[in-house]
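To start, the structure itself, in structure tokens.
The values are calculated or read from the model by the stated rules, or taken from the named source; none is laboratory data. Keep in mind it's a predicted model, so treat the numbers as computed, not measured. Positions of Cβ are generated from backbone atoms using ideal geometry, with glycine treated the same way; all protein chains shown enter the neighbour counts. Side chains included, ligands, DNA and RNA excluded: accessible areas come from the protein's heavy atoms. Shrake-Rupley method; radii C 1.70, N 1.55, O 1.52, S 1.80 Å.
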Amino acid sequence: MNTPYPTVQLKNAWRSSHPWIFQKIVQKPATRLRPGEIVDAFDIDGQFIGRGFYNGHSRIALRILETNPDIAMDAAWFERRIGDAVALRRQVLKLDEVSNAWRVVHAEGDGLSGLVVDRYDDLLVVEFFSAGMWRHREWIYEALRVHFPGARIYSFAEDHVQKQESFDYRPVYSGGGSPEPAVITEHGVRFRADPAGAHKTGFFADQRENREWFSRQVAGKRVLDLCCNTGGFAVYAAARGAAEVTGIDIDEDVIEIAKGNARLNNVRPKFVQADIFPWLRDAAARGEQYDAVVLDPAKMTRDRDQVITALKKYLDMNKLALGVVRPGGLLATFSCTGLVAEDQFLDMLRRAAFYAGRTVQVLKVSGAGPDHPFLAHVPESRYLKAVFCRVLD
């Protein structure tokens with residue numbers, strides 16, 4: 001097959017539709033290729049596998065993005081693929097009717113491995129997870145401007161990604177300097193999204209439906225939001241009529257953002273900067289009880305060898321959280337650690353309930369919102385686990 005792209009060959013046959021092909025089964029190319037260069041991949045028998053990004057420095061050597069050899073990966077390809085992702089959100093999911101903040105591109109879930117784009121009103125936040133997406137960023141920006149005319153664009157890559165993928169990139173804002181925060185609305189509740197001053201891309205849109213469902217259960221109730229970050233669940237609960245809301249987080253900076261989000265909605269949850277472990281032990285010793293408790297910690301690990309350690313941390317904090325839920329109350333517990341599977345998380349919850357001496361009735365198991373889709377053959381895109389349960393006794 002004649003191809004205008006450099007070619008890479010595997011050491012064996014390939015019988016998978018997964019877009020990731022790891023370094024150990026890829027032959028070293030005859031010519032040196034830059035990290036993130038577009039290549040055509042063939043198996044050991046010379047069969048065309050697909051077209052995508054090659055990176056000889058990364059554990060994931062190939063990211064297959066196109067399997068039709070007659071379709072070029074150029075600026076028009078990026079515009080079409082990003083356009084498909086936007087159409088899903090706007091025409092199928094109709095997210096503009098719910099919020100002006102949603103995930104535009106969810107990496108493998110939208111056939112764009114290594115790229116995440118979030119929309120916060122007129123601000124688009126682009127996060128690169130691969131050298132290939134970073135290398136072709138101008139095509140990405142052009143495609144986004146087609147679908148979001150006049151949008152501001154802020155782009156970045158986390159340090160560990162740059163190290164793994166062998167590229168160097170400092171955050172860039174289309175307007176120069178740092179972007180002004182965007183004020184977004186979801187289900188009538190307002191938040192300030194600040195990608196330059198908070199964690200990740202500025203706001204956790206993946207919890208939109210979970211925040212809404214939880215908030216509809218807590219009118220007149222006493223609510224505790226653990227690892228509250230910028231106050232998503234706490235502000236929702238207060239806006240929906242909770243009698244008393246307390247948010248706890250160890251990060252003083254996000255507590256200040258949470259207080260600002262409360263002011264945007266004219267509500268007054270109490271926010272406390274503290275480590276949840278000693279705080280929960282002290283609360284239990286005082287006999288404190290809450291009608292509804294949220295536990296939404298940050299990602300525990302990126303290392304597969306540390307999954308058991310991560311599960312132990314989840315066990316400890318869930319056991320403590322269960323200790324302050326009143327009988328008949330609600331616990332909403334979450335994990336955004338992609339390496340922790342849903343069955344592992346549920347088993348952890350079972351053990352936490354046993355050690356806490358509580359009986360837990362699971363009401364609802366969910367994950368990220370529908371703007372965070374995952375392909376059935378690429379489960380890695382499904383990272384968020386959400387469990388809502390009653391604590392019966």
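Below are the figures for this structure:
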item: Whether the chain is rounded, prolate or oblate, judged on the alpha carbon gyration tensor where a/c under 1.5 counts as rounded; result: prolate
item: The chain - mean residue ellipticity at 222 nm from DSSP helices (-39,500 (n - 2.57) per run, n ≥ 4, rounded to 500); result: -8000 deg cm²/dmol
item: Crossing angle, helix 137-147 versus the chain [Cα axis fit, 0-90 degrees, rounded to tens]; result: 70
item: Degrees, to the nearest 10: 75-87 long Cα axis against longest axis of the chain; result: 30
item: Packing-based ranking, highest mean first, of 111-122, 18-29, 255-266, 315-326 given that Cβ atoms within 10 Å are counted; result: 111-122, 315-326, 255-266, 18-29
item: Segment residue 92-residue 17, extension gain: residue separation times 0.36 nm, minus the distance between their alpha carbons; result: 24.5 nm
item: Region 1-58-region 349-368 distance, computed between alpha-carbon centres (Å); result: 44
item: Residue 224 long-range amide H proximity, modeled H, under 5 Å; result: 246, 292, 293, 294
item: Dipole-positive endmost among 125, 20, 213 within the chain (Cβ charges, Cα centre); result: 213
item: Placed amide H near residue 67: partners under 5 Å, 5+ positions off or other chain; result: 51
item: Segments 61-68, 290-297, 219-226 sorted - mean Cβ within 10 Å per residue, highest first; result: 290-297, 219-226, 61-68
item: Heavy-atom accessible area ranking, 1.4 Å probe, most first, across 244, 252, 108; result: 252, 244, 108
item: Extension gain (nm, one decimal) between residue 362 and residue 250, 0.36 nm per residue minus Cα-Cα; result: 37.5 nm
item: Global geometry of region 1-66, whether rounded, prolate or oblate, following the gyration tensor of its Cα atoms and the 1.5 cut on a/c; result: rounded
item: For region 69-113 versus region 124-196, the gap between their alpha-carbon centres in whole angstrom; result: 15
item: Region 98-165, accessible area per residue, ligands and nucleic acids excluded (1.4 Å, Å²); result: 30
item: Calculated FRET value between residue 351 and residue 266, using beta carbons and R₀ = 30 Å, to 0.05; result: 0.15
item: Accessible surface of residue 303 - all protein chains present, 1.4 Å probe, nearest 10 Å²; result: 70
item: Accessible area of the chain belonging to carbon and sulfur atoms, whole % at 1.4 Å probe; result: 48
item: Pairwise FRET efficiency - residue 187 versus residue 145, Cβ, R0 = 25 Å, nearest 0.05; result: 0.30
item: For peptides 5-17, 182-194, sequence by mean Cβ density within 10 Å, most packed first; result: 182-194, 5-17
item: Overall form of region 197-287 per C-alpha gyration tensor (a/c, 1.5; a/b vs b/c); result: oblate
item: Added length on full extension, which subtracts the Cα-Cα distance from 0.36 nm per residue, residue 180 to residue 75; result: 34.9 nm
